[in-house]
Amino acid sequence: MTRTYHRSFGATLEDFARDIVAACRRAVRAIAVMPWPAMLACCIALAFVISVLPLALFLFVLFMGIKVIVGAFVVDHRRTHREHYGKQ
């Protein structure tokens, strides 16, 4: 890798870090001026996003995996059953 690549990558990381810090500062300022009911609603929404949404996605992936595995066994069983009775 050349030195210019490292400089540009470092500059990109610095810009990314600066953007994250700026976003955090804006969020803290927004929270500081927020009334209590709005803050409560934001906390509930954030708790939903952090806890319930990943759980739902995990369960969806889990049950889809189980469905694919069971489906593969059923298809294999039917194919074996059809070949067995088809030869007689």
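Specify whether the C-alpha gyration tensor of the chain places it in the rounded, prolate or oblate class, a ≥ b ≥ c being the square roots of the eigenvalues: rounded for a/c under 1.5, otherwise prolate if a/b is larger than b/c and oblate if not. Walk me through the numbers on the way to the answer.
Values: a/c = 10.29, a/b = 1.82, b/c = 5.65.
Oblate.
What's the extension gain from residue 18 to residue 42 if we count 0.36 nm per residue and subtract their Cα-Cα distance?
Working: separation 24, 0.36 × 24 = 8.64 nm, distance 2.48 nm.
Full extension from residue 18 to residue 42 adds 6.2 nm.
Dipole of the chain (Lys/Arg Cβ +1, Asp/Glu Cβ -1, origin at the Cα centre): which of 69, 52, 41 lies farthest to the positive side?
Positive-most Cα among the choices belongs to 69.
Within the accessible area of the chain, what % is carbon and sulfur when the probe is 1.4 Å and the other protein chains stay in place?
Details: 6080 of 8240 Å².
Looking at the chain in its full context, I get 74 percent from C and S.
Tell me, what is the per residue accessible area of region 40-88 in Å², probe radius 1.4 Å?
On the way: 4600 Å² over 49 residues.
Dividing the accessible area of region 40-88 by its residue count gives 94 Å².
Please list 3J(HN,Hα) in residue order for region 59-67, calculated via the Karplus relation 6.51 cos²θ - 1.76 cosθ + 1.60 where θ = phi - 60°; whole Hz, with x for glycine and proline.
Couplings: 5, 4, 5, 4, 5, 5, x, 5, 4 Hz.
For residue 27 and residue 72, compute 0.36 nm times the residue count separating them, minus their Cα-Cα distance, and round to one decimal in nm. Walk me through the intermediate numbers first.
Working: separation 45, 0.36 × 45 = 16.20 nm, distance 4.86 nm.
Result for the pair: 11.3 nm of gain on full extension.
The values are calculated or read from the model by the stated rules, or taken from the named source; none is laboratory data. All figures in this text were calculated on a predicted structure; none of them were measured in a lab. Glycine also receives a Cβ, built like all others from the backbone with ideal geometry; neighbour counts cover every protein chain displayed. Ligands, DNA and RNA are excluded from the accessible area calculation, which covers all protein heavy atoms including side chains. Shrake-Rupley method; radii C 1.70, N 1.55, O 1.52, S 1.80 Å.
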